[in-house]
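To start, the structure under review is shown below, and the notes come after it.
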Amino acid sequence: ITTEDGRSLADRHSVRAVPATIIDGRLTFVGVPSLESAEKALLLKPDDGYITDSLGWVYFQKGELDQAFLYCWKAYQAVPKEPTIAEHLGDIFLKKDEANKAMSYFKESLKFMEKDQEEDHSKAIDRVRGKIELLKKLLLP
C-alpha cells in the first residue's frame, strides 16, 4: 500500500486519515482527513500504530474524546517512542481537563523529538513547548 507520492503506508509521515482511492491498482490516500478512510486503512493494517493514531486523531477532531483516547493509546502501545502519538495523547488529556496527564505526554513527546537526530522537528518542538508553557501557567498553585 502506498500513498500518492509513492511512500509506503508504514512511513510514519505518510500515514494520515485521508480519503482513499484506487490508482493503478494501489490503495492511495488523497485529500482531507475522514473517518471512513482511516477505518478502511486500519482494516487493511490493524496492527499499524500510525494508522491507529490517525483514526484516533480523526475522533479527536470530531470531539469524541473517549474514542480518540482508545485509538491513540493503542497506537502509543504499538509505537511507544513516536512523538506525534505522545503529543496526541497530551492533546486529548488537555481537552479532557486532565492537565497533569497532558503535561506528562507533552514532555514525553518533546523528549522523543529532541532525541531524534534523523528529522527536523523544530516546528513541532516549538508547538509542544508552547503547550507545556501554557500548562505551566495553568498549573501554578
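Just to confirm the filter: which trypsin sites (Lys or Arg not before Pro) across region 33-140 are DSSP coil and have at most 14 other Cβ within 10 angstrom of their Cβ?
Lys62, Lys81, Lys96
Starting from the Cα gyration tensor of region 69-132, take the square roots of the eigenvalues, sort them a ≥ b ≥ c, and report rounded, prolate or oblate (rounded when a/c is under 1.5, otherwise prolate if a/b is larger than b/c, else oblate). Oblate is the answer for region 69-132, as a/c is 1.5 or above yet b/c matches or exceeds a/b. The dipole here belongs to region 101-141: it is taken about the Cα centre, uses +1 on the Cβ of Lys and Arg and -1 on the Cβ of Asp and Glu, and is about 380 debye. For Leu70, the accessible area of its heavy atoms, probed at 1.4 Å with every protein chain present, is near 100 square angstrom. Once the Cα-Cα distance is subtracted from the 0.36 nm per residue extended length, the Lys137 to Asp66 segment shows a gain of 22.9 nm. Using a probe of 1.4 Å, the accessible surface attributed to Asp66 totals some 110 Å² when neighbouring protein chains are kept in position.
Of the whole protein surface, His121 contributes about 20 Å² of accessible area at a 1.4 Å probe radius. Loop-resident GluC sites (Glu not before Pro) (DSSP state other than H, G, I, E or B) in region 98-133 with no more than 14 further Cβ atoms inside 10 Å of their Cβ: Glu98, Glu118, Glu119.
The values are calculated or read from the model by the stated rules, or taken from the named source; none is laboratory data. Every value quoted in this text rests on a predicted model; they were computed, and no experiment measured them. When we count neighbours, we look across all protein chains shown, and the Cβ atoms used for this are built from the backbone with ideal geometry, even at glycine. Side chains are part of the model used for accessible areas, which takes the heavy atoms of the whole protein and leaves out ligands, DNA and RNA. Shrake-Rupley method; radii C 1.70, N 1.55, O 1.52, S 1.80 Å.
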